[in-house]
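A short worksheet on the structure shown next.
The values are calculated or read from the model by the stated rules, or taken from the named source; none is laboratory data. Bear in mind that the values here come from a model prediction, so they are computed numbers and not experimental data. Counting neighbours? That spans all protein chains shown, and the Cβs are built from the backbone with ideal geometry, glycine included. For accessibility, only protein heavy atoms count, side chains too; no ligands or nucleic acids. Shrake-Rupley method; radii C 1.70, N 1.55, O 1.52, S 1.80 Å.
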Amino acid sequence: MIRSAAEFQLRAIDEVVDFSAPFIESKPSDEPLLRRMLRICIEIAPLIVPRNRALVMPVLGHPNLTLTDLIVQPEGPATCLAAIDWQCATVSPYCQQCNPAPAVLNTGPIPIPKDGSMPPWPEDFDQMPEDMQEVYRIYHRFACRSRWYALKSCELDPLRPEAWRLPQAVGLANL
């Protein structure tokens, strides 16, 4: 897939690209560098593809699944009924699709320990004003949920930890 995409872009430069089009950010002077970078992609593609064939099997992914893309029950437990906003969906190798969705990523100030233990409370939590404690309770709850998601997803899908350990995992997920 990586090699095909790079070869496609090389053909596009040869036949289609109008550098004066408003959505093209490159300039004609960029063409030699673009070609060189695409040829490098073609050369390294076989070196970064995982050997485990299961990690490169095509899967359907929703790469931008956010909380606003989830439909949940109006009352009771927050059970997900459906996911919407599929226009960015792709079929790509598993190792490119297995990262946690933005909807479950912990982006708050409470870190999730890499050893799988519970997220820590801030050391000064007891000294915080009550309104800040409430904010940190929410951050902590979300960090715990993100931790649970990571642990449960690895338990349910044993390939996920193997894909996450790939040295190029972050780069592949951002292609």
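Please count how many residues of segment 1-24 are in a helix (DSSP H, G or I) and either over 21 Å from C95 (Cβ atoms) or open to solvent by 50 Å² or more (accessible area, probe 1.4 Å) (or both).
12
Can you give me the number of residues within segment 25-43 that are outside any helix (DSSP H, G or I) and open to solvent by 50 Å² or more (accessible area, probe 1.4 Å)? Break it down into steps so the answer makes sense when it comes.
Let us first name the residues in segment 25-43 that are outside any helix (DSSP H, G or I), namely 25-27.
Imposing the further condition that a residue be open to solvent by 50 Å² or more (accessible area, probe 1.4 Å) reduces the set to 25, 27.
So the count comes out to 2.
Tell me yes or no: at least one residue of segment 78-87 is β-branched (V, I, T) and in contact with a helix residue (DSSP H, G or I) (Cβ under 8 Å, 6 or more places away or on another chain).
Yes; the residues of segment 78-87 include at least one that is β-branched (V, I, T) and in contact with a helix residue (DSSP H, G or I) (Cβ under 8 Å, 6 or more places away or on another chain).
I'd like the full set of residues that are more than 17 Å from the chain's Cα centre (by Cα) and open to solvent by less than 50 Å² (accessible area, probe 1.4 Å), limited to segment 49-69.
Residues satisfying the conditions are P50, A54.
Give the residues of segment 44-84 that are under 30 Å from E7 (Cα atoms) and in a strand (DSSP E or B), sorted by residue number.
Residues satisfying the conditions are P58, V59, L60, G61.
Looking only at segment 117-150, which residues are under 26 Å from Q96 (Cβ atoms), open to solvent by 80 Å² or more (accessible area, probe 1.4 Å) and touching a residue at least 12 places away in the same chain (Cβ under 8 Å)?
R145, the sole residue that qualifies.
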